[in-house]
1. Out of Leu71, Leu39, I need the residue that is among the aliphatic types (A, V, I, L, M) and more than 13 Å from the chain's Cα centre (by Cα). Which one?
2. Going through Asp51, Asp80, Asp14 one at a time, which residue ends up being at pLDDT below 95 and either open to solvent by less than 90 Å² (accessible area, probe 1.4 Å) or part of a helix (DSSP H, G or I) (or both)?
3. When both residues are 6+ apart or on different chains and their Cβ atoms are under 7 Å apart, which pairs have a first residue that lies in the range 23-47 and is of a type in the set (Gly, Ala, Ser), and a second that is in a loop (DSSP other than H, G, I, E, B)?
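The values are calculated or read from the model by the stated rules, or taken from the named source; none is laboratory data. Small disclaimer: the values here were computed from a predicted structure and weren't measured. Note that each Cβ is placed from the backbone with ideal geometry, even for glycine, and that neighbours are counted across all protein chains shown. We work out accessible area using only protein heavy atoms, side chains counted, and drop any ligands, DNA or RNA first. Shrake-Rupley method; radii C 1.70, N 1.55, O 1.52, S 1.80 Å.
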Amino acid sequence: MPPRSTRPTDKFDDDDYPAYTMGRAAEMLGTTPAFLRALGENRLITPLRSDGGHRRYSRYQLRIASRARELVDQGTKIEDACRIVVLEDQLEEAQRINEELRADRTPAPPAA
């Protein structure tokens, strides 16, 4: 996923900027590089690659990985955890759209 902003000063604040190596990402999550690879194999997150071909993760991707890890730690199979996270995100998006549509249908108060 490409960064939302290309201004160099935004990289530090950009949740999509691929700032973390696989080793550092695994350390931050308290997991292994194999776990992160499994998330990629299950298409939950797709890390960007450095010029040398190394995986690089964004803060946004680490938050998603953390959600999956919580489920796995509770005994959920990794494949199921990935699917649950995807479905939760889809539900959240559908609810957000639904609220927007309802707000658009709210009648305006009568003019005085």
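1. None of the others qualify; the one that does is Leu71.
2. Asp14
3. Ala26/Thr32; Gly40/Thr46; Gly40/Pro47
This table checks each residue for (1) within 23 Å of Met22 (Cβ to Cβ); (2) outside any helix (DSSP H, G or I); (3) at pLDDT 95 or above.
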position: Arg37; (1), (2), (3): yes, no, yes
position: Thr76; (1), (2), (3): yes, yes, yes
position: Leu101; (1), (2), (3): no, no, no
position: Asp104; (1), (2), (3): no, no, no
position: Pro107; (1), (2), (3): no, yes, no
position: Ala111; (1), (2), (3): no, yes, no
